[in-house]
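Participant: Mind having a look at this structure? Questions to follow.
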Amino acid sequence: MSSLNAINRRTVLSAGMSLAATGASFLFLPKSFAELAGGPDVHSVPTQGGHHADDEMQACIQLCRDCHAMCTQTIAHCLKLGGRHAAPEHIRLLVDCAQMCTTTIDYMLRESAFHDRVCRLCAELCRQCGKDCLPVAGDDQLLKECIELCRRCAESCERMASKAAA
């Protein structure tokens, strides 16, 4: 065995033990590390009964990540603006949307049999969040971006939900 392979295996084992200690998994290691450790191919999420193409699932996961980040950023922005932007119902909906996106990511990553239902609820919350931002957006670029990202995330989650139900 070459010294390079020995180094890579030690790196994988060390990283794997560190991840295990924190409750993480090989899903977050680069592809080469996961393959060396005998772990899953991190660049493809297995499908639920063959209903989802790997690329579609990965795109939905990324949109949910982006939507979570955007809603979280928008909360801080709206609170700074104050007034109707900081209305408790508006902020609560942004928080709900951000949290639901994170929950949806978790369900898809672990291939839960219930991810289609969670995706459906995420789509509903994203749509409602976008609608709620519309009247207060005006010329505010960040709110416009939030509306658009919520729309795209909702569409992707709806596709995930409808394909799982098919």
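Participant: Suppose we filter the stretch 124-142 for residues that are buried (at least 16 other Cβ atoms within 10 Å of the Cβ) and in a loop (DSSP other than H, G, I, E, B); how many remain?
Facilitator: Of the residues in the stretch 124-142, 1 are buried (at least 16 other Cβ atoms within 10 Å of the Cβ) and in a loop (DSSP other than H, G, I, E, B).
Participant: Please go through the stretch 69-123 and give me each residue that is aliphatic (A, V, I, L, M), within 14 Å of residue 137 (Cα to Cα) and assigned to a loop (DSSP other than H, G, I, E, B), ordered by number.
Facilitator: The one that is aliphatic (A, V, I, L, M), within 14 Å of residue 137 (Cα to Cα) and assigned to a loop (DSSP other than H, G, I, E, B): 87.
Bear in mind these aren't lab numbers, they're just calculated from the coordinates by the rules spelled out. No experiment lies behind these values; they were computed from the predicted model shown. Cβ atoms come from the backbone with ideal geometry, glycine included; neighbour counts cover every protein chain shown.
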